[in-house]
Amino acid sequence: MEAESIKQVAEGIRSFLKDNFDRYVRILSDLVAIPSVSAKGEHMDECARLVADLLAERGFKVKIARAGGHPAVLGELESGEKAILIYNHYDVQPPEPLEAWKHDPFKLTAEDGRLFGRGTADNKGNIVARLAAIDALKHVLGEVPLAVKFLVEGEEEIGSPTLPKLVEENREVLKADGGIWETGYVGRRGELRIYLGFKGMLYVELTVKGPSRDIHSGYAPIVPNPIWRLARLACTLKDPEGRVLIPGFYEGLTGLGYDVEALLKELPFDEEALKEELGLEEFVGGLTGLEALRQLHLMPSLNISGIYGGYTGRGGKTVIPSEAGMKIDIRLVPDQDPDEVLEALRAYLAEKGFGDVKLTVHSKYPAGFTKPDEEVVRASVRAAELVYGIKPALVPLSAGSGPMYLFTGVLGVPMTGAGVGYYGSRVHAPDENIREADFLKGMEHVALTLLMFSRGRGAKH
Ligand SMILES: [Zn+2]
């Protein structure tokens, strides 16, 4: 396809989406109106049904699939030679605290160029943007130029517990040449942030036992307090500079197989603003600049998410508790096997004299990532340059975690992440919102990504 004609198609897509913008706001409003909070498990079938209907209306062959948890919607549209996989989720986080919202979280409300409501950014707005992209391509080209497969799950906000089984059971349907991840957002400089990978997760809880029951702290000289033991255990996990002390933790990390450094150097990072916002003098171990970015987007981490034990209420209570514990999230990078890290942690605890501490695994999965020279990424980057008028920022690995490995690893589908949210979207919090302008651009971006990908405009040189 000639450059001139891509431009023409892009203009056609833009004017179609502009003219039909209200229609997509209405669809988003219908989706937001269903409180599909996966943690509560209510209204899940209703929301899955609506997503299935929206896909069926567009000619998709639709199936509602279950792998033991909330239903997922699979949609398949055959066309062209290539196939793209689109991953989204229709479930949302609980809206509480309700009194902190300016508007009803389940009633889409437009105000000052923004659309407020639970799920607008995470992730219902993205579902709608992708449906709109399909409509726009059909309208301008007369057909969707490639096969499109949708996987819209209902358990993302509770850790996707049955997604591995669901993917395994639907391998054939989900086969594709490239894929679009559920989310992404616009940064402060107006750049689209495209996520190429997510760290894995090993979430464990450690419980230390003390006396068989809580006891008066007058016994402190002779009765061991589990909080002291827990505190000593915590100190063995990391040194004061923030280095994880579990043997082998950093061994065998070979990177991502391309020049990640080059990407990191281009990543906008307002470190002074971040420090000021958080009231910090400095980051862990005095990290700055590129080294801080390297730690965020390339290296594994270990964090204590919470610690409990004893009396922490108002006033005083002198007691030795019978139990103390902490929750630890370990974020894994490629080359780290979650089972091996878990075994290394167990062995290390035993070596340090904590072999009897109870260890419960709450979550465990590896990292997943895509290289920036994959065709689908290049298509997405070119589309972003056209739509946003500025180079997108490519994030090699999100500092957070997500089950991207199921797509990039298990299915072998390279994934690129982009979305309709922005830095002020307040995801998971009260007043979740998107900007109308980003919503429109997000639709356009998906349409152009699909177009470029189908025409080989993302091909490697
Ligand atoms: Zn979320």
Backbone HN-Hα couplings from phi across the stretch 241-248 [Karplus 6.51/-1.76/1.60, Hz, Gly and Pro as x]: 7, x, 7, 6, 9, 5, x, x
What FRET efficiency do you get for residue 11 and residue 100 if R0 is 45 Å and r is their Cβ-Cβ distance, rounded to the nearest 0.05? 0.60
Projecting the Cα atoms of 70, 389, 89 onto the charge dipole of the chain, where Lys and Arg contribute +1 and Asp and Glu -1 at Cβ, the residue farthest towards the positive end is 70
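Could you compute the FRET efficiency for residue 21 and residue 215, with r as their C-beta to C-beta distance and R0 at 45 Å, rounded to 0.05? The partial results should precede the final answer.
On the way: r = 66 Å, r/R0 = 1.47.
In this case the efficiency is close to 0.10.
Local charge sum around residue 75 (other residues, Cβ-Cβ under 12 Å, Lys/Arg +1, Asp/Glu -1)? Don't jump to the answer; show the numbers that get you there.
Values: positive: 58, 61, 63, 130, 149; negative: 53, 57, 76, 78.
Counting the neighbours of residue 75, the net charge comes to +1.
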If amide H atoms are built 1.01 Å from N in the plane of the peptide, which residues on other chains or at least 5 residues away come under 5 Å of the amide H of residue 402? 199
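About the Cα centre, and with charges only on the beta carbon of Lys, Arg (+1) and Asp, Glu (-1), how big is the dipole of the chain? Nearest 20 debye, please.
Values: 54 positive and 67 negative charges, 88 e Å.
So the dipole magnitude of the chain works out to roughly 420 debye.
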Kirkwood hydrodynamic radius of the stretch 389-461 from all distinct Cα pairs, in Å? 14.8
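Taking a ≥ b ≥ c as the square roots of the eigenvalues of the Cα gyration tensor of the stretch 1-118, is the shape rounded (a/c under 1.5), prolate (a/b larger than b/c) or oblate? Show your work: numbers first, answer last.
Numbers: a/c = 2.73, a/b = 1.30, b/c = 2.10.
Verdict is oblate for the stretch 1-118.
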What value in Å³ per residue do you get for the convex hull of the alpha-carbon atoms in the stretch 85-139? 89
Please arrange 30, 373 by how many other C-beta atoms lie within 10 Å of their C-beta, fewest to most. 373, 30
Report the semi-axes of the equivalent ellipsoid for the stretch 216-286 in whole Å, largest first, where each axis is √(5λ) for an eigenvalue λ of the Cα gyration tensor. 39, 21, 8
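Once you order the gyration tensor axes a ≥ b ≥ c over the Cα atoms, which shape class does the stretch 165-324 get: rounded for a/c under 1.5, otherwise prolate or oblate by comparing a/b with b/c?
Values: a/c = 2.38, a/b = 1.75, b/c = 1.36.
In terms of gyration-tensor shape, prolate.
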Extent of the stretch 252-296 along each principal axis, from alpha carbon coordinates, in Å, largest to smallest? 36, 23, 11
Length gained, residue 307-residue 385, 0.36 nm per residue minus C-alpha separation, equals 23.5 nm
For the stretch 292-378, which trypsin sites (Lys or Arg not before Pro) are in a loop by DSSP, counting at most 12 other Cβ atoms within 10 Å? 314, 317
Scan the stretch 270-339 for GluC sites (Glu not before Pro) in coil per DSSP, keeping those whose Cβ has at most 13 other Cβ atoms within 10 Å, and list them by number. 281, 282
Tell me which lysines have Cα within less than 21 Å of residue 317's Cα, excluding those fewer than 8 residues away on the same chain? 209
Which distance in Å, rounded to a whole number, links the C-alpha centroids of the stretch 291-367 and the stretch 43-89? 37
Let's see if you can work this out: charge +1 on each Lys and Arg Cβ, -1 on each Asp and Glu Cβ, no other charges. What is the dipole magnitude of the stretch 129-252 about its Cα centre, in debye to the nearest 20? 520
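Please compute the Kirkwood hydrodynamic radius over the stretch 119-167, one decimal place, Å, based on all pairs of different Cα atoms.
Working: mean 1/r = 0.0787 Å⁻¹.
About 12.7 Å, per the Kirkwood formula over Cα pairs.
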Rounded if a/c is under 1.5, else prolate if a/b beats b/c, else oblate: with a ≥ b ≥ c from the C-alpha gyration tensor eigenvalues square-rooted, which is the chain? prolate
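Nearest 20 debye, what's the magnitude of the dipole of the stretch 164-230 about its Cα centre given +1 on Lys and Arg Cβ and -1 on Asp and Glu Cβ?
On the way: 10 positive and 8 negative charges, 68 e Å.
The calculation lands at about 320 debye.
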Step through the table entries 175/238; 138/175; 82/441; 165/199; 40/199, compare each Cα-Cα distance with 31 Å, and write down the pairs that go over it. 175/238
Using helices alone, I'd like the mean residue ellipticity at 222 nm for the chain: each DSSP H run of four-plus residues gives -39500 (n - 2.57), total over residue count, nearest 500. -10500 deg cm²/dmol
Under 5 Å between amide H atoms, partner at least 5 residues away or on a different chain: which partners does residue 186 have, H built in plane at 1.01 Å? 193, 421, 422, 423
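Coordinate-derived values only; no laboratory data. Keep in mind it's a predicted model, so treat the numbers as computed, not measured. Quick reminder, even Gly has a Cβ in these numbers, built from the backbone with ideal geometry, and neighbours come from all protein chains shown.
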